[in-house]
Amino acid sequence: MSNRDTTLLSLIALWCLSSVRSEDIYVAQGERSVKMPCPSMGSEWWYKSSLITKQDFKKGLELKGSAPMTSRAKVFQDRSLQISLPTSTDSGSYTCQGSKGETKHNLHVVSVSANPSGPFLQGHQTELRCQVSGDSKVEPKWIHPNGKDMKTLNGAFTLMSVAMADGGKWTCLITPTYNVTLTAAVLGVMPSTKVTVDRGQSAVLPCILISNPNSSSPLSTGTFSSLRLQEGNWTQLTPHSQTLLSIVEKDGACSWHSSSGSKTELQAIEEKKLVGDFSATLKNVQQSGTYSCSLNFKDRGTLITQVVLEVKGQPHGIVVPSDDGPNADVVSTKDAGDFLGLRWWIWLGIGAGSLVLIVLIIVVVYMIQRNKRMKKRAKKLRSMRKPLTANDYCLCNRVTVGRPNGRQRERTPMKERQR
(Lines give C-alpha, C1' and ligand atoms only; values in the text may rest on other atoms or scores of the structure.)
Protein backbone atom coordinates (compact mmCIF):
# COMPACT_ATOMS: atom_id res chain seq x y z
CA MET A 1 0.00 0.00 0.00
CA SER A 2 1.38 3.36 -1.07
CA ASN A 3 1.78 6.35 1.19
CA ARG A 4 -0.97 8.06 -0.73
CA ASP A 5 -3.46 5.30 0.11
CA THR A 6 -2.40 5.25 3.75
CA THR A 7 -2.95 8.98 4.06
CA LEU A 8 -6.37 8.72 2.45
CA LEU A 9 -7.49 5.97 4.82
CA SER A 10 -6.31 8.00 7.82
CA LEU A 11 -8.29 11.01 6.67
CA ILE A 12 -11.40 8.87 6.23
CA ALA A 13 -10.99 7.40 9.75
CA LEU A 14 -10.57 10.85 11.27
CA TRP A 15 -13.66 12.09 9.46
CA CYS A 16 -15.66 9.13 10.72
CA LEU A 17 -14.52 9.71 14.30
CA SER A 18 -15.29 13.40 14.11
CA SER A 19 -18.72 12.76 12.68
CA VAL A 20 -19.81 10.72 15.74
CA ARG A 21 -19.68 12.79 18.90
CA SER A 22 -20.65 11.42 22.37
CA GLU A 23 -21.29 13.56 25.42
CA ASP A 24 -22.48 12.85 28.98
CA ILE A 25 -25.31 15.12 30.05
CA TYR A 26 -26.56 15.29 33.65
CA VAL A 27 -29.90 16.65 34.75
CA ALA A 28 -31.63 16.65 38.13
CA GLN A 29 -34.95 14.89 38.40
CA GLY A 30 -37.69 17.45 38.80
CA GLU A 31 -36.11 20.12 36.62
CA ARG A 32 -38.30 21.69 33.96
CA SER A 33 -36.38 20.42 30.94
CA VAL A 34 -33.08 19.22 29.52
CA LYS A 35 -31.68 20.25 26.14
CA MET A 36 -29.31 18.20 23.94
CA PRO A 37 -27.57 19.89 20.97
CA CYS A 38 -27.06 18.40 17.51
CA PRO A 39 -23.95 19.85 15.83
CA SER A 40 -24.35 17.34 12.97
CA MET A 41 -27.58 19.16 12.00
CA GLY A 42 -29.49 15.88 11.84
CA SER A 43 -33.18 15.52 11.13
CA GLU A 44 -33.77 12.37 13.18
CA TRP A 45 -33.59 11.82 16.92
CA TRP A 46 -33.41 8.30 18.32
CA TYR A 47 -33.62 6.98 21.88
CA LYS A 48 -31.62 3.75 21.88
CA SER A 49 -33.34 1.88 19.04
CA SER A 50 -36.67 3.76 19.17
CA LEU A 51 -37.45 6.78 17.03
CA ILE A 52 -38.36 9.94 18.89
CA THR A 53 -39.03 12.28 15.98
CA LYS A 54 -38.12 12.84 12.33
CA GLN A 55 -38.24 16.36 10.92
CA ASP A 56 -38.58 17.63 7.36
CA PHE A 57 -37.79 21.28 7.82
CA LYS A 58 -38.20 22.11 4.13
CA LYS A 59 -41.76 20.87 4.04
CA GLY A 60 -42.48 21.55 7.69
CA LEU A 61 -43.45 17.98 8.41
CA GLU A 62 -42.76 15.95 11.55
CA LEU A 63 -43.03 12.21 12.16
CA LYS A 64 -43.51 11.13 15.77
CA GLY A 65 -41.87 7.91 16.93
CA SER A 66 -42.69 5.38 19.65
CA ALA A 67 -40.08 6.35 22.24
CA PRO A 68 -41.53 6.79 25.76
CA MET A 69 -40.63 10.50 25.97
CA THR A 70 -41.98 11.43 22.53
CA SER A 71 -44.93 13.39 23.93
CA ARG A 72 -42.52 15.50 26.01
CA ALA A 73 -39.92 16.00 23.25
CA LYS A 74 -39.48 19.10 21.10
CA VAL A 75 -36.98 19.84 18.28
CA PHE A 76 -35.81 23.40 17.62
CA GLN A 77 -34.49 25.04 14.43
CA ASP A 78 -30.89 24.38 15.47
CA ARG A 79 -31.83 20.65 15.60
CA SER A 80 -31.43 20.47 19.38
CA LEU A 81 -33.80 18.20 21.32
CA GLN A 82 -35.57 19.32 24.50
CA ILE A 83 -37.27 16.92 26.90
CA SER A 84 -39.64 18.38 29.47
CA LEU A 85 -39.84 17.11 33.05
CA PRO A 86 -37.14 14.44 32.73
CA THR A 87 -37.40 11.33 34.90
CA SER A 88 -35.08 8.44 35.63
CA THR A 89 -36.73 6.39 32.86
CA ASP A 90 -35.46 8.95 30.34
CA SER A 91 -31.84 8.01 31.04
CA GLY A 92 -29.96 6.37 28.23
CA SER A 93 -28.39 6.94 24.82
CA TYR A 94 -29.73 9.57 22.40
CA THR A 95 -28.61 9.86 18.80
CA CYS A 96 -29.06 12.70 16.32
CA GLN A 97 -28.56 11.55 12.70
CA GLY A 98 -27.84 14.01 9.93
CA SER A 99 -25.98 14.64 6.75
CA LYS A 100 -22.83 15.61 8.67
CA GLY A 101 -22.78 12.43 10.69
CA GLU A 102 -24.16 11.45 14.07
CA THR A 103 -24.18 13.10 17.47
CA LYS A 104 -24.54 10.88 20.52
CA HIS A 105 -25.52 11.88 24.04
CA ASN A 106 -25.71 9.83 27.23
CA LEU A 107 -28.39 11.30 29.46
CA HIS A 108 -28.07 10.73 33.22
CA VAL A 109 -30.88 11.76 35.55
CA VAL A 110 -29.75 12.57 39.10
CA SER A 111 -32.14 12.20 42.03
CA VAL A 112 -31.45 13.33 45.59
CA SER A 113 -33.59 12.39 48.58
CA ALA A 114 -33.59 11.94 52.33
CA ASN A 115 -35.02 9.19 54.49
CA PRO A 116 -37.07 10.23 56.34
CA SER A 117 -37.89 13.24 54.24
CA GLY A 118 -37.40 16.71 55.68
CA PRO A 119 -37.64 18.50 57.89
CA PHE A 120 -35.16 16.46 59.92
CA LEU A 121 -35.68 16.05 63.66
CA GLN A 122 -32.85 17.13 65.90
CA GLY A 123 -31.07 14.20 67.54
CA HIS A 124 -32.48 11.57 65.16
CA GLN A 125 -30.94 9.58 62.31
CA THR A 126 -31.31 10.62 58.66
CA GLU A 127 -29.91 9.15 55.45
CA LEU A 128 -29.08 11.27 52.38
CA ARG A 129 -29.15 9.57 48.99
CA CYS A 130 -27.77 10.70 45.63
CA GLN A 131 -28.48 8.34 42.73
CA VAL A 132 -27.34 8.71 39.13
CA SER A 133 -29.24 6.64 36.55
CA GLY A 134 -28.13 5.70 33.07
CA ASP A 135 -25.15 3.39 33.78
CA SER A 136 -23.01 6.21 35.04
CA LYS A 137 -19.54 5.39 36.37
CA VAL A 138 -19.18 8.52 38.46
CA GLU A 139 -19.06 8.33 42.26
CA PRO A 140 -21.37 10.94 43.80
CA LYS A 141 -20.05 12.72 46.89
CA TRP A 142 -21.96 14.65 49.53
CA ILE A 143 -20.69 18.02 50.76
CA HIS A 144 -21.86 19.47 54.09
CA PRO A 145 -23.39 22.97 54.15
CA ASN A 146 -20.17 24.11 55.87
CA GLY A 147 -18.13 22.90 52.85
CA LYS A 148 -16.75 19.72 54.39
CA ASP A 149 -16.56 16.58 52.23
CA MET A 150 -18.54 13.73 53.80
CA LYS A 151 -17.71 10.05 53.55
CA THR A 152 -20.12 8.75 50.91
CA LEU A 153 -20.75 5.12 49.98
CA ASN A 154 -22.63 4.45 46.74
CA GLY A 155 -24.10 7.94 46.89
CA ALA A 156 -25.45 7.51 50.44
CA PHE A 157 -24.45 9.28 53.64
CA THR A 158 -25.99 8.74 57.09
CA LEU A 159 -26.31 11.38 59.78
CA MET A 160 -26.41 9.35 62.98
CA SER A 161 -27.64 12.27 65.10
CA VAL A 162 -28.90 15.36 63.32
CA ALA A 163 -27.72 18.66 64.80
CA MET A 164 -29.09 22.13 64.19
CA ALA A 165 -25.83 22.97 62.37
CA ASP A 166 -26.70 20.31 59.76
CA GLY A 167 -29.45 22.50 58.34
CA GLY A 168 -28.86 24.23 55.01
CA LYS A 169 -27.93 23.27 51.44
CA TRP A 170 -26.32 19.89 51.02
CA THR A 171 -24.51 19.40 47.72
CA CYS A 172 -24.25 16.16 45.78
CA LEU A 173 -21.16 16.58 43.60
CA ILE A 174 -21.42 14.59 40.36
CA THR A 175 -18.64 16.09 38.27
CA PRO A 176 -16.38 19.11 38.80
CA THR A 177 -18.84 21.13 36.73
CA TYR A 178 -22.19 19.66 37.80
CA ASN A 179 -23.86 19.16 41.16
CA VAL A 180 -27.33 18.89 42.69
CA THR A 181 -28.37 20.51 45.95
CA LEU A 182 -30.75 19.35 48.66
CA THR A 183 -32.06 21.90 51.13
CA ALA A 184 -32.39 20.38 54.57
CA ALA A 185 -34.43 22.01 57.32
CA VAL A 186 -33.67 20.78 60.84
CA LEU A 187 -36.53 20.90 63.29
CA GLY A 188 -35.58 21.20 66.94
CA VAL A 189 -36.88 22.52 70.20
CA MET A 190 -35.51 25.36 72.27
CA PRO A 191 -32.72 24.10 74.53
CA SER A 192 -33.42 23.34 78.17
CA THR A 193 -33.75 26.55 80.10
CA LYS A 194 -34.10 27.88 83.64
CA VAL A 195 -36.99 30.04 84.81
CA THR A 196 -36.86 31.99 88.09
CA VAL A 197 -39.97 33.52 89.67
CA ASP A 198 -41.21 34.75 93.04
CA ARG A 199 -43.37 32.49 95.11
CA GLY A 200 -47.07 32.85 94.32
CA GLN A 201 -46.53 34.29 90.84
CA SER A 202 -47.16 32.68 87.46
CA ALA A 203 -44.34 31.19 85.38
CA VAL A 204 -44.26 30.61 81.62
CA LEU A 205 -42.67 27.28 80.75
CA PRO A 206 -41.34 27.59 77.16
CA CYS A 207 -41.63 24.77 74.63
CA ILE A 208 -41.04 26.26 71.17
CA LEU A 209 -40.11 24.48 67.95
CA ILE A 210 -37.33 26.13 65.95
CA SER A 211 -35.73 25.46 62.57
CA ASN A 212 -32.34 27.06 63.16
CA PRO A 213 -30.12 27.41 66.20
CA ASN A 214 -30.47 31.20 66.50
CA SER A 215 -34.24 31.42 66.28
CA SER A 216 -36.48 31.86 69.32
CA SER A 217 -39.76 32.35 67.43
CA PRO A 218 -42.14 29.48 66.62
CA LEU A 219 -42.31 27.88 63.21
CA SER A 220 -44.61 29.12 60.50
CA THR A 221 -47.73 27.19 59.62
CA GLY A 222 -46.24 26.14 56.28
CA THR A 223 -43.18 24.58 57.88
CA PHE A 224 -45.22 22.79 60.52
CA SER A 225 -47.85 21.50 58.07
CA SER A 226 -45.50 18.80 56.72
CA LEU A 227 -45.37 17.22 60.18
CA ARG A 228 -48.06 15.31 62.02
CA LEU A 229 -48.07 15.70 65.76
CA GLN A 230 -49.14 12.37 67.19
CA GLU A 231 -48.71 12.87 70.92
CA GLY A 232 -47.49 15.48 73.38
CA ASN A 233 -47.52 16.24 77.08
CA TRP A 234 -46.20 18.40 79.87
CA THR A 235 -44.82 16.34 82.75
CA GLN A 236 -43.57 17.33 86.16
CA LEU A 237 -40.42 15.35 86.93
CA THR A 238 -39.46 16.68 90.38
CA PRO A 239 -40.28 16.76 93.20
CA HIS A 240 -43.32 14.69 92.19
CA SER A 241 -43.77 12.77 88.94
CA GLN A 242 -47.11 13.50 87.27
CA THR A 243 -48.55 14.35 83.85
CA LEU A 244 -50.05 17.82 83.83
CA LEU A 245 -51.18 18.46 80.23
CA SER A 246 -51.77 16.22 77.23
CA ILE A 247 -52.40 17.06 73.59
CA VAL A 248 -55.71 15.97 72.10
CA GLU A 249 -56.79 16.22 68.47
CA LYS A 250 -60.27 17.42 67.60
CA ASP A 251 -61.59 18.43 64.18
CA GLY A 252 -58.08 18.23 62.74
CA ALA A 253 -56.67 20.66 65.33
CA CYS A 254 -54.50 19.94 68.36
CA SER A 255 -55.07 21.50 71.75
CA TRP A 256 -53.96 20.99 75.34
CA HIS A 257 -56.09 18.99 77.74
CA SER A 258 -55.58 19.13 81.51
CA SER A 259 -54.92 15.74 83.06
CA SER A 260 -57.33 14.71 85.81
CA GLY A 261 -55.90 14.26 89.26
CA SER A 262 -53.09 16.76 88.78
CA LYS A 263 -52.18 18.69 91.93
CA THR A 264 -50.45 21.48 90.03
CA GLU A 265 -52.32 24.17 88.13
CA LEU A 266 -50.82 24.21 84.63
CA GLN A 267 -52.65 25.52 81.60
CA ALA A 268 -51.95 26.41 77.98
CA ILE A 269 -51.08 30.03 77.28
CA GLU A 270 -53.67 30.39 74.52
CA GLU A 271 -56.59 28.17 73.67
CA LYS A 272 -56.01 27.94 69.94
CA LYS A 273 -54.64 25.59 67.33
CA LEU A 274 -51.14 24.51 68.26
CA VAL A 275 -48.63 25.24 65.52
CA GLY A 276 -45.10 25.69 66.80
CA ASP A 277 -45.50 27.12 70.29
CA PHE A 278 -46.38 24.59 72.99
CA SER A 279 -45.55 26.76 75.98
CA ALA A 280 -47.68 26.57 79.11
CA THR A 281 -48.29 28.71 82.21
CA LEU A 282 -47.85 27.48 85.76
CA LYS A 283 -50.02 29.54 88.10
CA ASN A 284 -49.49 30.26 91.80
CA VAL A 285 -45.98 28.82 91.87
CA GLN A 286 -45.14 27.43 95.31
CA GLN A 287 -42.28 25.07 94.57
CA SER A 288 -39.12 24.62 92.63
CA GLY A 289 -38.94 21.67 90.29
CA THR A 290 -38.21 20.28 86.86
CA TYR A 291 -40.75 20.07 84.03
CA SER A 292 -40.54 18.26 80.69
CA CYS A 293 -42.25 19.00 77.37
CA SER A 294 -42.44 16.01 75.02
CA LEU A 295 -43.67 16.12 71.39
CA ASN A 296 -43.97 12.95 69.32
CA PHE A 297 -44.30 13.20 65.52
CA LYS A 298 -45.66 10.31 63.49
CA ASP A 299 -42.96 8.31 61.66
CA ARG A 300 -40.34 10.86 62.73
CA GLY A 301 -39.52 10.66 66.42
CA THR A 302 -39.80 12.62 69.66
CA LEU A 303 -38.47 16.01 70.71
CA ILE A 304 -38.00 16.66 74.42
CA THR A 305 -36.99 19.77 76.33
CA GLN A 306 -36.78 20.40 80.05
CA VAL A 307 -37.45 23.54 82.07
CA VAL A 308 -35.90 24.01 85.51
CA LEU A 309 -38.23 26.18 87.61
CA GLU A 310 -36.61 27.91 90.56
CA VAL A 311 -38.58 29.84 93.14
CA LYS A 312 -36.64 32.65 94.76
CA GLY A 313 -35.57 31.61 98.24
CA GLN A 314 -35.38 27.96 97.29
CA PRO A 315 -31.71 27.33 96.53
CA HIS A 316 -31.04 24.65 93.95
CA GLY A 317 -34.73 23.77 93.79
CA ILE A 318 -34.81 22.25 97.28
CA VAL A 319 -38.37 21.54 98.41
CA VAL A 320 -40.12 20.22 101.54
CA PRO A 321 -43.77 19.50 102.43
CA SER A 322 -46.01 22.34 103.54
CA ASP A 323 -49.65 22.98 104.39
CA ASP A 324 -49.77 26.57 103.13
CA GLY A 325 -52.78 26.64 100.83
CA PRO A 326 -54.38 24.10 98.51
CA ASN A 327 -51.88 24.60 95.67
CA ALA A 328 -48.85 25.05 97.91
CA ASP A 329 -48.13 21.45 98.80
CA VAL A 330 -44.38 22.24 98.85
CA VAL A 331 -42.45 25.26 100.05
CA SER A 332 -38.83 26.29 100.28
CA THR A 333 -36.26 25.29 102.87
CA LYS A 334 -32.82 26.59 103.67
CA ASP A 335 -31.47 23.23 104.73
CA ALA A 336 -29.04 22.29 101.98
CA GLY A 337 -28.55 18.85 103.52
CA ASP A 338 -31.71 17.43 101.94
CA PHE A 339 -31.26 14.85 99.23
CA LEU A 340 -33.88 13.70 96.72
CA GLY A 341 -36.57 15.59 98.65
CA LEU A 342 -35.92 13.91 102.04
CA ARG A 343 -34.42 15.45 105.15
CA TRP A 344 -31.06 14.29 106.44
CA TRP A 345 -32.52 12.65 109.57
CA ILE A 346 -34.82 10.53 107.41
CA TRP A 347 -31.81 9.28 105.46
CA LEU A 348 -30.01 8.66 108.78
CA GLY A 349 -32.93 6.55 110.02
CA ILE A 350 -33.03 4.66 106.76
CA GLY A 351 -29.32 3.98 107.02
CA ALA A 352 -29.51 2.82 110.66
CA GLY A 353 -32.46 0.56 109.95
CA SER A 354 -30.68 -0.91 106.94
CA LEU A 355 -27.59 -1.58 109.07
CA VAL A 356 -29.63 -3.37 111.76
CA LEU A 357 -31.39 -5.44 109.12
CA ILE A 358 -28.07 -6.46 107.58
CA VAL A 359 -26.66 -7.47 111.01
CA LEU A 360 -29.77 -9.57 111.75
CA ILE A 361 -29.48 -11.31 108.42
CA ILE A 362 -25.82 -12.08 109.09
CA VAL A 363 -26.60 -13.48 112.58
CA VAL A 364 -29.44 -15.65 111.27
CA VAL A 365 -27.29 -17.02 108.49
CA TYR A 366 -24.45 -17.74 110.96
CA MET A 367 -26.75 -19.60 113.36
CA ILE A 368 -28.20 -21.69 110.57
CA GLN A 369 -24.73 -22.64 109.35
CA ARG A 370 -23.60 -23.38 112.94
CA ASN A 371 -26.54 -25.71 113.55
CA LYS A 372 -25.80 -27.52 110.33
CA ARG A 373 -22.17 -28.04 111.33
CA MET A 374 -23.14 -29.35 114.82
CA LYS A 375 -25.64 -31.80 113.39
CA LYS A 376 -23.08 -33.01 110.91
CA ARG A 377 -20.47 -33.48 113.66
CA ALA A 378 -22.84 -35.42 115.93
CA LYS A 379 -23.79 -37.70 113.08
CA LYS A 380 -20.14 -38.38 112.38
CA LEU A 381 -19.41 -39.27 116.02
CA ARG A 382 -22.33 -41.70 116.13
CA SER A 383 -21.06 -43.44 113.06
CA MET A 384 -17.55 -43.85 114.61
CA ARG A 385 -18.72 -45.44 118.05
CA LYS A 386 -17.97 -49.25 118.30
CA PRO A 387 -21.02 -51.34 119.26
CA LEU A 388 -20.90 -53.46 122.46
CA THR A 389 -20.82 -57.35 122.28
CA ALA A 390 -21.04 -60.25 124.75
CA ASN A 391 -17.25 -60.56 124.89
CA ASP A 392 -16.99 -57.17 126.50
CA TYR A 393 -18.67 -58.39 129.75
CA CYS A 394 -17.08 -60.49 132.57
CA LEU A 395 -19.44 -62.56 134.74
CA CYS A 396 -17.84 -63.94 137.95
CA ASN A 397 -19.51 -66.29 140.56
CA ARG A 398 -16.75 -66.06 143.07
CA VAL A 399 -17.68 -66.12 146.76
CA THR A 400 -14.36 -65.03 148.02
CA VAL A 401 -14.12 -61.66 149.57
CA GLY A 402 -11.20 -59.49 150.20
CA ARG A 403 -9.44 -56.60 149.01
CA PRO A 404 -9.58 -56.05 145.28
CA ASN A 405 -5.88 -56.07 144.82
CA GLY A 406 -4.94 -58.24 147.88
CA ARG A 407 -5.19 -61.86 148.72
CA GLN A 408 -8.65 -63.27 148.84
CA ARG A 409 -9.87 -65.56 151.64
CA GLU A 410 -12.55 -68.09 151.21
CA ARG A 411 -15.84 -67.63 152.95
CA THR A 412 -16.94 -70.42 155.35
CA PRO A 413 -20.48 -71.24 156.22
CA MET A 414 -21.91 -70.01 159.53
CA LYS A 415 -22.55 -73.54 160.87
CA GLU A 416 -18.98 -74.57 160.51
CA ARG A 417 -17.89 -71.47 162.36
CA GLN A 418 -20.06 -72.33 165.33
CA ARG A 419 -18.45 -75.65 165.65
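For the reader, a short list of remarks on this structure follows.
- Rolling a 1.4 Å probe over the protein heavy atoms of region 106-212, with every protein chain left in place, gives an accessible area that is 49 percent carbon and sulfur.
- The listed residues ASP135, ASP90, ASP78 rank as ASP135, ASP78, ASP90 when sorted by accessible area, largest first, using a 1.4 Å probe.
- When you filter the chymotrypsin sites (Phe, Trp or Tyr not before Pro) in region 47-137 for DSSP loop state and at most 14 other Cβ atoms inside 10 Å of their Cβ, you are left with PHE57, PHE76.
- Kirkwood hydrodynamic radius over Cα pairs of region 87-180, then Stokes diffusion coefficient at 4 °C and 1.567 mPa s, in µm²/s: 86
- Computed with a 1.4 Å probe over protein heavy atoms only, the accessible surface of region 49-94 comes to 56 Å² per residue.
The values are calculated or read from the model by the stated rules, or taken from the named source; none is laboratory data. None of the values given here were measured: they were computed from a predicted structure. Backbone-built Cβ (ideal geometry, glycine too); neighbour counts: all protein chains shown. Areas reflect the complete protein model, heavy atoms only, side chains present, ligands, DNA and RNA absent. Shrake-Rupley method; radii C 1.70, N 1.55, O 1.52, S 1.80 Å.
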